[in-house]
Amino acid sequence: MTSTAERTRVGKYDLGKTLGEGTFAKVKVAKHLDTGALVAIKILDKEKILKHRMVEQIKREISTMKLVKHPYVVQLLEVMASRTKIYIVLEYVTGGELFNKIAKQGRLSETEARKYFHQLIDAVDYCHSRQVFHRDLKPENLLLDAEGNLKISDFGLSALPQQFREDGLLHTTCGTPNYVAPEVIMDKGYSGATADMWSCGVILYVLMAGYLPFEEPTILALYKKIYRAQFSWPSWFSSGARKLISRILDPNPRTRITAAQIHENDWFKKGYNPAKFDREANVSLDDLDSIFNESTEHMIIEKKETKPVAMNAFELISLSQGLNLSSLFETKEGISA
Ligand code: ADE
């Protein structure tokens, strides 16, 4: 017997398996119908966004993401909307999370950690130059591409409240704030740039140590450690790395090292090859209002269709005409573009 499976088509894409899922968003892999190219599609529910009065924020954040084009940042490709959903089409990254690599292989060598730190600082500094701040840099947001290069995800969805920021990638409730700067914890009003830099320091420590600098059984104890910057040095950290990390994990954001100063640091400079890319790349900031409009002019249709799958060899041969199987793989007509 031939079994069937439902597939969902969104614009020019066929949706595939879920990569991550949360309260407000889902991320799925998808395949372009013509080119076969894979993308990741973040799916937001319009009704939930309206209910939480997040429309302006979502629009602002999508336009911010459109401004960012950097080799170490997951690229936003396009935005689509149906009557009920918003689809944010992103570059698909295949190497998994950087921190899965550490979970599997343990801590990195100083040289390898430095390579990722170079890429992290390159991307973060570029985003800051465009007034885009992440505010939630953490391991789940650091992906690897097929070449083993870093790709930061979610730069730009960062000004959203916590539940939105946790965009379905692993967590549905608030995680512990191990990567968060002291001034953010104390909610004093802070600069996005210096707060991101702190998180980069925590990330560098974790890459080299294989564990967190600040970890306590209770949130209160954790906060105390963070705002006093109380941590210890693993014996294998070189003095150069210690010097740099202690300048990043400075609890005072006013005296904390800046990206410009990091570029002057001796430990950082070793083997540093800044990413080459087109800084002037064209960014289109077209109209985002339409994604929430009732007007159906720009809307795509999400459509489920049923396709045959997993036939055995006998079924295939009995259905094939002269062994030309191509007709079996044609999709139905009449699906929206
Ligand atoms: N998970 C979340 N975003 C992703 C992306 N852009 N590529 C691959 N996996 C992801």
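The values are calculated or read from the model by the stated rules, or taken from the named source; none is laboratory data. As the structure is a computational prediction, the values presented were derived from the model and not from experiment. Every residue, glycine among them, receives a Cβ derived from its backbone with ideal geometry; neighbour counts consider all protein chains shown.
So, of the residues in region 203-244 that are polar (S, T, N, Q) and free of Cβ contacts under 8 Å to residues at least 24 places away in the same chain, which turns out to be surrounded by the fewest Cβ atoms within 10 Å (Cβ to Cβ)? Within region 203-244, the match that is surrounded by the fewest Cβ atoms within 10 Å (Cβ to Cβ) is 235. Every condition in (1) without any contact (Cβ under 8 Å) to a residue 60 or more places away in the chain; (2) over 30 Å from residue 258 (Cβ atoms) holds for residue 106 except the one numbered (1). Is it true that some residue in region 258-268 is under 27 Å from residue 143 (Cα atoms), at pLDDT below 95, in a helix (DSSP H, G or I) and away from the ligand (no atom under 16 Å from the Cβ)? Checking region 258-268: not a single residue is under 27 Å from residue 143 (Cα atoms), at pLDDT below 95, in a helix (DSSP H, G or I) and away from the ligand (no atom under 16 Å from the Cβ).
Give 16, 20 a once-over and let me know the one that is within 14 Å of the ligand (Cβ to nearest atom), modelled with pLDDT under 90 and either part of a strand (DSSP E or B) or in contact with a helix residue (DSSP H, G or I) (Cβ under 6 Å, 6 or more places away or on another chain) (or both). It would help to see each step written out before you state the result.
Numbers: 16 fails: modelled with pLDDT under 90.
Only one candidate passes the filter, namely 20.
Checking the structure you have, find out if any residue of region 172-192 is touching a helix residue (DSSP H, G or I) at 6+ places or on another chain (Cβ under 8 Å), within 16 Å of the ligand (Cβ to nearest atom), closer than 20 Å to residue 122 by Cβ and modelled with pLDDT under 90. No, because not a single residue in region 172-192 is touching a helix residue (DSSP H, G or I) at 6+ places or on another chain (Cβ under 8 Å), within 16 Å of the ligand (Cβ to nearest atom), closer than 20 Å to residue 122 by Cβ and modelled with pLDDT under 90.
Here is the figure for region 191-222: residues that are over 26 Å from the mean Cα position of the chain (by Cα) and assigned to a helix (DSSP H, G or I) total 2.
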